[in-house]
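A.B. asks: Pasting a structure here, questions to come.
The values are calculated or read from the model by the stated rules, or taken from the named source; none is laboratory data. Small disclaimer: the values here were computed from a predicted structure and weren't measured. FYI the Cβ positions are ideal-geometry reconstructions off the backbone, even for glycines, and counts take in every protein chain you see. Just the protein is used for accessible areas: all its heavy atoms, side chains included, with ligands, DNA and RNA removed. Shrake-Rupley method; radii C 1.70, N 1.55, O 1.52, S 1.80 Å.
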Amino acid sequence: MLGREITELIRAPLFDLRFPSPDGERTMAKVLGMKCRECGEEYPVAPTHVCELCFGPLEVVLNWAEITPRVTRQSIEAGPKSMWRYWDLLPVEGQPTVGKNVGYTPLVKAERLGRELGLNNLYIKNDAVNHPTLSFKDRVVACALTKAREFGYETVACASTGNLANSVAAHAAEGGFKSYVFIPSDLEQGKILGALIYGTNVLAVEGNYDEVNRLCAEAGDRYGWAFVNINLRPFYGDGSKTFGYEIAEQLGWKAPDHVIVPCAGGSLVTKIHKGLNEFDRLGLLDGGVPTKMYGAQATGCSPITTAIKNNAEFVRPQRPNTIARSIAIGNPADGYHALDVIRKSGGWAEDVDDDEMIEGIKLLGRTEGIFTETAGGVTVMVTKKLAEQGRFGKDDIVVIAITGNGLKTQEAVQGKIGATIGIQPNLASLDAALHTEKLLVNA
Ligand SMILES: *Cc1c(COP(=O)(O)O)cnc(C)c1O
Ligand SMILES: [Zn+2]
């Protein structure tokens, strides 16, 4: 492989190498190289994401010969209670340098929501409580910034719909990187504040995400920063595999029948599936991977679900118009791949409008006690829609990917939920209020 020497040159002084060779001297890299998903051209390990020949996306090539004998259910179970229990399967050579506590979020059996949807085995994978910034993006950032440090970067950046900015800013602070996060200027207050608090540079761009992303591609070339979702995209994306690994491990080493995933750039839906298939290939699963993948989007920005529903070969870019800002990407970088994974897995895709999305946020809150953001409202209601379409057997294992926290998108439900009941601090006032409001069932 042409990249081997370069890889070792970059790697040698920096990493705690984990693969001693039989002679105990030389070591093997865990990441062998990069490969174009479209034409198969191979490249050395580097902070790059596009094929020079066909402009296809590059993926990380792992050293499976070295990895496979190391990974067992027991080896994983003995690991830390974080995404780094899957360290062997992540594209970094050394130990994590940022985000050591990311991941291993709860998989909740959703009995009450399940009853409403007519599903006996419904689960919520709850990344609304991911550490430290309350969204699944902490996974991709922990992986990308650990890699950025291995590549020797001191400055990190991202183009973001909000959650990625929060996570890059937090992890940059933790790791002592300089950081620049680019967002559309009209994002939710919670997302803007949730970036500024970490002392990062927030560039609020007057434009939508797709315009932000275009600017960032040019900025990356000019300033030489590590843009986690651009030049580090192959490493960023693989962080999402841990979402899939955790679902399978937490189900007792079993892949679910269906997973419903909110789609923005379309990466997460593909990486959950990739993670499940890697587990299968390692012999960790009972029953293989029967899993059908489903994409969920807001109708106001639905390039992926529209392509699925129209049976179109390609994603047609849209101009986003929805309050689900975190998933409002009109021209998804992994759109084509997402279509492919959804179709080949036998899944489907659906979208819901902004009013339905708010119903979804409230439904999850009142049935399961989980407050999700707009993207989660979309995913819950898309699951309801798919259930009504008869796509799930009532005993099938169905997992909803809840990827972000409602405290960051409070505007969405402001004025659309119950109001407080004002009273004086005495029983008479309480009595009166409960009677007028007819709140006592037995009164
Ligand atoms: C980024 C994001 C997604 C989707 O991520 P992609 O991998 O780009 O499809 C889903 N939910 C939330 C809350 C996000 O922030
Ligand atoms: Zn190529």
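A.B. asks: If you restrict to DSSP beta bridges whose two residues both lie in the chain, what percentage is antiparallel, to the nearest 5?
C.D. replies: Close to 35 percent.
A.B. asks: Beyond 13 Å, what percent of the Cα pairs of segment 95-163 remain?
C.D. replies: That fraction is 70 percent.
A.B. asks: Mind listing the phi-derived Karplus ³J(HN,Hα) values for segment 318-328, rounded to whole Hz, using 6.51, -1.76 and 1.60 with θ = phi - 60°, and x for any glycine or proline?
C.D. replies: 10, 9, x, 8, 7, 7, 7, 5, 5, 10, 8
A.B. asks: So, for the chain, what is the accessible surface per residue at a probe of 1.4 Å, expressed in square angstrom? Write down the numbers at each step before the final one.
C.D. replies: Details: 18600 Å² over 443 residues.
Value for the chain: 42 Å² per residue.
A.B. asks: Loop by DSSP (not H, G, I, E, B), at most 12 other beta-carbon atoms within 10 Å: where is the longest site-free stretch of the chain for chymotrypsin sites (Phe, Trp or Tyr not before Pro)? If you can, show how the numbers build up before the last one.
C.D. replies: Numbers: sites that count: 55, 314.
Answer from the scan: 56-313.
A.B. asks: Binning at 10 Å from 0, report for the chain what percent of all alpha-carbon pair distances ends up in each bin.
C.D. replies: Reading the bins upward from 0: 4, 21, 32, 25, 11, 4, 2, 1, 0.
A.B. asks: For residue 174 and residue 186 in the same chain, what is the full-extension length gain: residue separation times 0.36 nm, less their Cα-Cα distance, in nm?
C.D. replies: Gain in length upon complete extension: 1.6 nm.
A.B. asks: What are the residues whose amide H is under 5 Å from the amide H of residue 61, where those residues sit 5 or more places off or on another chain and H is modelled from the backbone?
C.D. replies: 32, 33, 34, 35
A.B. asks: Going by the alpha-carbon gyration tensor, a ≥ b ≥ c the square roots of its eigenvalues, is segment 137-236 rounded (a/c under 1.5) or, if a/c is not under 1.5, prolate (a/b greater than b/c) versus oblate?
C.D. replies: Details: a/c = 1.71, a/b = 1.23, b/c = 1.38.
Verdict is oblate for segment 137-236.
A.B. asks: Show me, for segment 176-183, the HN-Hα J-couplings you get by feeding each phi into the Karplus relation (A = 6.51, B = -1.76, C = 1.60, θ = phi - 60°), rounded to Hz, glycine and proline as x.
C.D. replies: Each residue's phi maps through the Karplus curve to give x, 8, 6, 9, 10, 10, 10, 9 Hz.
A.B. asks: Step through the residues of segment 291-301 one at a time and calculate ³J(HN,Hα) from phi using the Karplus curve (6.51 cos²θ - 1.76 cosθ + 1.60, θ = phi - 60°), rounding each to whole Hz and writing x for Gly and Pro.
C.D. replies: 5, 8, 9, 10, x, 10, 9, 7, 4, x, 8
A.B. asks: Give me the dipole magnitude in Debye, nearest 20, for the chain about the Cα centre, with unit charges on the beta carbon: positive for Lys and Arg, negative for Asp and Glu.
C.D. replies: 500
A.B. asks: Another question, if that's okay. Kindly state, to the nearest 0.05, the FRET efficiency for residue 430 paired with residue 116, given R0 = 41 Å and r defined as their beta-carbon distance.
C.D. replies: Given R0 = 41 Å and the Cβ-Cβ separation, E is 0.85.
A.B. asks: At 7 Å along the Cα-to-beta-carbon direction for both residue 64 and residue 196, put a label point, then send me their distance in nm to one decimal.
C.D. replies: Taking the two extended label points, one gets 4.9 nm.
A.B. asks: Given H placed 1.01 Å from N in the peptide plane, which residues other than close sequence neighbours of residue 349 have an amide H under 5 Å from its amide H?
C.D. replies: The answer is 295.
A.B. asks: Given +1 on the Cβ of Lys and Arg, -1 on the Cβ of Asp and Glu, and no further charges, what dipole in debye does segment 320-443 carry about its Cα centre, rounded to the nearest 20?
C.D. replies: It works out to roughly 140 debye.
A.B. asks: What's the carbon and sulfur percent of the chain's accessible surface, probe 1.4 angstrom, rounded to a whole number? Each step should come with its number before you reach the end.
C.D. replies: Details: 9460 of 18600 Å².
That share works out to 51 percent.
A.B. asks: Please report the relative contact order for the chain, taking Cα pairs under 8 Å with a sequence separation of at least 6, and give it as a percent rounded to a whole number.
C.D. replies: On the way: 943 pairs, mean separation 63.6, N = 443.
So the answer I get is 14 percent.
A.B. asks: To continue, here is another question. Please report, in debye to the nearest 20, how large the charge dipole of segment 37-108 is about its Cα centre when each Lys and Arg carries +1 at its beta carbon and each Asp and Glu carries -1 there.
C.D. replies: 560
A.B. asks: Let me check something: with ligands and nucleic acids excluded, how do 337, 49, 171, 131 order by accessible area (1.4 Å probe), largest to smallest? Each step should come with its number before you reach the end.
C.D. replies: On the way: 337 35, 49 60, 171 0, 131 95 Å².
In descending accessible area the options line up as 131, 49, 337, 171.
A.B. asks: Once amide H atoms are placed 1.01 Å from N in the peptide plane, what residues at a sequence separation of 5 or more from residue 227, or on another chain, have their amide H within under 5 Å of its amide H?
C.D. replies: Close amide H contacts, sequence-distant or interchain: 157, 232.
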